[in-house]
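J.: First, the structure itself, so that you have it in front of you.
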Amino acid sequence: MGGESRSKAFTIEIVKKLKEYADAWKAEYGYWFSVYSTPSESLTDRFNRLDREKYGDIKDITDKEYYQNSFHYDVRKKVTPFEKLDFEMEYPEYCSGGFIHYCEYPKLTHNLKALEAVWDYAYDRVAYLGTNTPIDRCYECDFEGEFAPTAEGFKCPGCGNTNSETADVVKRTCGYLGNPMKRPMVHGRHEEITQRVKHLESSNE
Ligand SMILES: [Zn+2]
């Protein structure tokens, strides 16, 4: 078994175990416990920070300064949307408390067929799929597309604008969409978002 499938088998074991506990508590207490694939925004930062304090910088684990939420595929790795869905689709059966899958795209207004192909593929495989495509706007220079991440936040690639009053930046924070210029994210979440690679190529940008 390769490294990735070994790691995955291990994580499935963990999620199964969590579900066993939830089921046992359900029987014991009569309340509906379930495993929630958390989109918690601050946890991505906090758990990593606590582990770094305890274990130091471990390459590709704590030194990223974030942990990924849920069962999401490593945001830094380049895979197709189909491969990403194939990887993630085994987890939700243990996570009835809630979950989301999502794929990252460049601006695809000229290639809606590509989006359709992913949605068709996802339809019979996953229950909830988010589509992340850039819709950032600058009201200084009329730029439309994707703002560039900086150490502190985001800036317009057209004119360098970083003023939240004259720009609109929308990112999938985890499960939900957020506006990081209006409400800045915790450090770990910002790091995670800046590491995300696209799952499809843009053909004419
Ligand atoms: Zn601009």
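J.: If a residue counts only when it is within 16 Å of the ligand (Cβ to nearest atom) and over 27 Å from E13 (Cβ atoms), which strands (runs of 3 or more DSSP E) contained entirely in the range 56-157 have at least 1 such residues? Spell out how you get there, then give the answer.
T.: On the way: elements: 101-104, 129-132, 136-138.
Answer list for the range 56-157: 136-138.
J.: Name the pairs whose Cβ atoms lie under 9 Å apart, with the first residue in the range 38-53 and part of a helix (DSSP H, G or I), the second of a type in the set (D, E, K, R) and surrounded by fewer than 17 Cβ atoms within 10 Å (Cβ to Cβ), and 6 or more positions between them or separate chains?
T.: Going by the 9 Å Cβ cut-off, the qualifying pairs are R52/D63.
Matching residues to (1) over 28 Å from S42 (Cα atoms); (2) open to solvent by 20 Å² or more (accessible area, probe 1.4 Å); (3) in the same structural domain as E4 (by TED's automatic domain parsing):
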residue	(1), (2), (3)
D86	no, yes, no
P106	no, no, no
D120	yes, yes, no
Y123	yes, yes, no
Y128	no, yes, no
G145	no, no, no
E152	no, yes, no
R183	no, yes, no
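J.: With the requirement that a residue be over 30 Å from G178 (Cα atoms) and outside any loop (DSSP other than H, G, I, E, B), what does the range 20-37 give you?
T.: E20, Y21, A22, D23, A24, W25, K26, A27, E28, Y29
J.: Another one. All but one of (1) in a loop (DSSP other than H, G, I, E, B); (2) touching a residue at least 24 places away in the same chain (Cβ under 8 Å) hold for N161; state the number of the condition that does not hold.
T.: (2)
J.: Considering every residue within the range 29-47, establish whether at least one is touching a Leu at 6+ places or on another chain (Cβ under 7 Å) and of a type in the set (A, V, I, L, M, F, W, C).
T.: yes
J.: Report whether or not D45 is more than 15 Å from S7 (Cβ to Cβ), in contact with a Ser or Thr (Cβ under 6 Å, 6 or more places away or on another chain) and open to solvent by less than 70 Å² (accessible area, probe 1.4 Å).
T.: The answer is no for D45.
J.: Looking only at the range 158-169, which residues are within 28 Å of F99 (Cα to Cα) and either within 10 Å of the ligand (Cβ to nearest atom) or crowded, with 17+ Cβ neighbours inside 10 Å (or both)?
T.: Matches in the range 158-169: V169 only.
The values are calculated or read from the model by the stated rules, or taken from the named source; none is laboratory data. Since this is a predicted model, take the numbers as computed values, not measurements. Neighbour counts run over all protein chains shown; Cβ positions are idealised from the backbone, glycine included. Surface accessibility is based on the protein's heavy atoms, side chains included, excluding ligands, DNA and RNA. Shrake-Rupley method; radii C 1.70, N 1.55, O 1.52, S 1.80 Å.
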